[in-house]
Amino acid sequence: MSDKFSQFVRERQYLQNVSPATVEWYKHSFKWLRTENPSEQELKDAVIRMREKGLKATGCNSAIRAINAYLKWIGSPHRLRYLKEEHRVLPTFSAPDIKKILAYQPNPKNRYQRRLQLLILVLLDTGCRIDEVLSLKAADCDLDNLLFTVMGKGRKQRKIPFSFELRRHLCQFLVDLHPEQLIFTTRHGKKTRQAKCTPGCEVALPSFRHYHTRTNTPCIPAHLFRLLSAQGRERALGRIVTAWREAMLFRRKEQVNERTVLAGLW
């Protein structure tokens, strides 16, 4: 990486306190630029190379966003236009698929099958991002108050509630863990890393595909479990609102009947 690129990244890192993931994003995006002060034609050639390498419109727009920030920083008059993105219906699990996942019983002697099952249950129950869950430590689980303490995007810490049923699975898994130990670790005690997705591969962890094969469910990226959790919460909220409305209507009918009886007495 050239001097100007390095200076831009250092200023963002130390003056604006961007996260390490953002720093890596800048470095990866600047690999498409061949000069420090690109012309309009060189910028167009960079986008063409992205497309020729197989990047989708969303991936190109991600790199374009970082490149435009750099162009503004150096005072260049040029800007890259964003590509038009496709809007597709995201894949989700059906109700029978979720029942299969909940009914799946991993081998009790295989710690990694139990770890993967717990990971999927946490994703479904809480709607957390996959990296937030992989960064959880035993001390971040408040089993008494049913709360996770997660560090999300933008280095923002937040509390996430979980269910009584998930607490039962957590208690069985956390019994031998040190408070500062990561919950979902590798065999060497390090953080489990997401696999780099290749074209046609839509798994976030190497063992996800085998899990979907064993449970006979569609292979869905781990980050889409947030969508499933949101849909479930929306349906639950809808049931609560419906029950509340029915209770209010019933109460109003009772009040009308009481007024009618009182009017008849007078």
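What follows draws every value from the coordinates through simple rules; no lab data is involved. All values reported here derive from a predicted model rather than from experimental measurement. We place every Cβ from the backbone using ideal geometry, glycine too, and count neighbours over all the protein chains shown.
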key: Computed over the stretch 95-228: relative contact order in percent, which uses C-alpha pairs under 8 Å that are six or more apart   = 26
task = For the stretch 3-74, calculate the relative contact order in percent as a whole number, restricting contacts to Cα pairs under 8 Å that are 6 or more residues apart.
result = 37
message = Quick check on the exposure proxy: order VAL175, VAL18 from fewest to most C-beta atoms within 10 angstrom.
response = VAL175, VAL18
task = Please tell me the relative contact order of the stretch 38-131 in percent, rounded to the nearest whole number, where contacts are Cα pairs under 8 Å and at least six residues apart.
result = 19
request  = Would you mind listing how long the stretch 95-228 runs along its three principal axes, going by Cα atoms, in whole Å with the largest first?
outcome  = 37, 34, 32
task = Starting from the exponent 0.38 and prefactor 2.2 Å, build the expected Rg for the stretch 1-84 from its residue count and divide its actual Cα Rg by it.
result = 1.04
request  = Past 25 Å, Cα to Cα, is the threshold; run LYS99/LYS156; LYS27/LYS72; LYS31/LYS190; LYS27/LYS191; LYS159/LYS191; LYS56/LYS190 against it and keep the listed order.
outcome  = LYS99/LYS156; LYS31/LYS190; LYS56/LYS190
request  = Starting from the stretch 7-63, pick out the trypsin sites (Lys or Arg not before Pro) whose DSSP state is loop and whose Cβ has at most 10 other Cβ atoms within 10 Å.
outcome  = LYS53
